[in-house]
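Visitor: Got a structure here, written out as structure tokens. Questions coming.
Computed from the coordinates by the stated procedures, all read-outs in this text should not be read as laboratory data. These numbers come from a predicted model, not from an experiment. Cβ: placed from backbone, ideal geometry, glycine included. Neighbour counts: every protein chain shown.
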């Protein structure tokens with residue numbers, strides 16, 4: 001066993017550095033020592049092992065009951081043998097017979113070492129789990145360590161690893177081993193290795209966090225991000241609101257000559273970003289949401305069902321609808337309104353058809 005007090009000195013240092021309670025480690029070591037001693041004296045033996053809190057010395061005893069006639073030598077001791085050990089000799093009394101710790105010195109030292117290492121690892125895993133839990137929704141930086149056969153990306157975060165699954169990747173993005181990568185922490189779960197950390201580059205939260213990092217007014221809560229909707233790799237729409245009448249929320253996010261929004265677009269590999277000023281007036285909000293298309297008019301068809309009809313110039317129709325309808329689809333998600341987009345010619349044609357119907361009825 002280690003020299004007198006050496007274990008306690010080591011445990012006190014561990015308690016200070018690793019935030020592990022000395023008493024908890026001692027209890028685990030004592031329990032493990034009992035199991036080790038039982039392998040030598042008998043698995044059914046009644047053994048105790050204590051570590052002196054003042055000296056660090058290991059005290060080990062085998063506990064037996066005093067009997068007149070010994071039937072089970074592992075658990076019983078005769079009156080005569082009890083007298084030899086200078087123990088209480090009354091029948092039925094419990095006696096403690098010291099075991100020579102030197103017989104188990106190597107085993108005890110090995111067990112203590114293993115348990116301390118194990119406890120430190122468990123503590124570090126627990127602390128890391130708590131630390132990473134706090135980072136859910138935050139952006140982390142890492143280096144791509146491995147790409148699995150299923151194209152999941154394993155990211156080295158320094159203290160631990162995380163996974164960027166295919167489902168949270170942007171389809172058109174390509175990465176290679178050793179490349180630096182940014183992503184948002186989507187969730188953190190316990191697993192056999194400690195913490196199962198899942199990252200995302202496809203979530204709208206990733207874009208939100210990028211703007212918080214690039215735009216001081218958002219961090220200072222002068223400008224608020226009201227909503228973010230995204231079709232990863234194609235387009236993102238962001239509603240922003242200023243709490244200071246002197247600050248233009250869209251201008252603050254774009255920056256002088258696009259200085260603030262450009263790094264975000266670069267990080268998203270050229271993804272389109274539309275910044276929309278929030279308005280409590282649904283007509284203004286819907287009109288802004290279809291940016292970059294210019295809207296002629298917005299008519300509320302139904303307040304209850306939140307349906308609106310938007311009139312667009314003919315040359316703006318494709319811009320308003322967007323590629324595969326992504327602009328109008330995201331505008332609807334952003335505002336919460338069902339948006340029916342019509343060009344001027346479609347509106348005229350519809351009016352003409354209604355006029356013909358009336359003439360036929362007459």
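Visitor: May I ask what percent, to the nearest 5, of DSSP beta bridges between residues of the chain are antiparallel?
Guide: On the way: 45 of 61 bridges.
Bridges in the chain are about 75 percent antiparallel.
Visitor: Counting only C-alpha contacts under 8 Å and six or more residues apart, can you give the relative contact order of the stretch 135-198 as a whole percent?
Guide: Values: 108 pairs, mean separation 24.2, N = 64.
Taking the mean separation of contacting Cα pairs over the length of the stretch 135-198, I get 38 percent.
Visitor: Continuing with this model, one more query. Compute the long axis of helix 6-18 from its Cα atoms, compare it with the longest principal axis of the Cα atoms of the chain, and write down the angle in degrees, 0 to 90, nearest 10.
Guide: It is inclined by approximately 10 degrees.
Visitor: At R0 = 45 Å, how high is the FRET efficiency between residue 91 and residue 24 if r is their beta carbon distance? Nearest 0.05 is fine.
Guide: Working: r = 39 Å, r/R0 = 0.87.
The value I calculate is 0.70.
Visitor: Here's another thing I want to ask about it. Please find, in a Gaussian network model of the chain (springs between Cα atoms separated by less than 10 Å), the residue of 95, 154, 261 whose mean-square fluctuation is greatest.
Guide: 95
Visitor: Express in whole angstrom the spacing between the alpha-carbon centres of the stretch 209-234 and the stretch 163-207.
Guide: Going from one Cα centre to the other spans 19 Å.
Visitor: Compare the peptides 332-340, 114-122, 220-228 by average per-residue count of other Cβ atoms within 10 angstrom and give them in order, highest first.
Guide: On the way: 332-340: 18.6, 114-122: 14.4, 220-228: 16.4.
Packing order, densest peptide first, comes out as 332-340, 220-228, 114-122.
Visitor: Of the peptides 320-329, 231-240, how do they stack up when ordered by the mean number of other Cβ atoms within 10 Å, highest first? It would help to have the intermediate numbers written out before the result.
Guide: Values: 320-329: 17.2, 231-240: 21.8.
Averaged packing, sorted descending, gives the order 231-240, 320-329.
Visitor: Angle, helix 204-214 long axis vs. longest principal axis of the chain, Cα atoms, 0 to 90°, nearest 10?
Guide: Taking the Cα atoms of the chain, the angle to 204-214 is about 90 degrees.
Visitor: With a cut-off of 8 Å between alpha carbons and a minimum separation of six or more residues, what is the relative contact order of the chain in percent?
Guide: Over the chain, the number comes to 8 percent.
Visitor: Is the stretch 135-198 best put as rounded, prolate or oblate by its Cα gyration tensor, with a ≥ b ≥ c the root eigenvalues, rounded for a/c under 1.5, and otherwise prolate when a/b is larger than b/c, oblate when not? Working shown, then result.
Guide: On the way: a/c = 1.44, a/b = 1.37, b/c = 1.05.
Here the stretch 135-198 falls in the rounded category.
Visitor: Once the piece of chain linking residue 175 and residue 118 is laid out straight, how much longer is it, given 0.36 nm per residue of separation minus the C-alpha distance between them?
Guide: Working: separation 57, 0.36 × 57 = 20.52 nm, distance 3.61 nm.
Separation in residues times 0.36 nm, less the Cα-Cα distance, equals 16.9 nm.
Visitor: Using a Gaussian network model of the chain with C-alpha springs under 10 Å, which one of 330, 99, 317 is most mobile by mean-square fluctuation?
Guide: 99
Visitor: Moving on. On C-alpha positions alone, give me the angle between the axis of helix 326-335 and the longest principal axis of the chain, in degrees, nearest 10.
Guide: Compared with the principal axis, the helix lies near 70 degrees.
Visitor: So what is the 222 nm mean residue ellipticity for the chain from helices alone, if each DSSP H run of at least 4 adds -39500 (n - 2.57) and you divide by all residues, rounding to the nearest 500 deg cm²/dmol? Write down the numbers at each step before the final one.
Guide: Numbers: 12 runs with 137 residues, N = 362.
When only DSSP H runs of four or more count, the value is -11500 deg cm²/dmol.
Visitor: Which entry in (1) 28, 55, 17, 0; (2) 25, 61, 14, 0; (3) 21, 31, 21, 16, 9, 2, 0 matches P(r) over Cα pairs in 20 Å bins from 0, in percent derived from the coordinates of this structure?
Guide: (3)
Visitor: Taking R0 as 51 Å, what's the FRET efficiency between residue 323 and residue 131 from their Cβ-Cβ distance, rounded to 0.05?
Guide: 0.80
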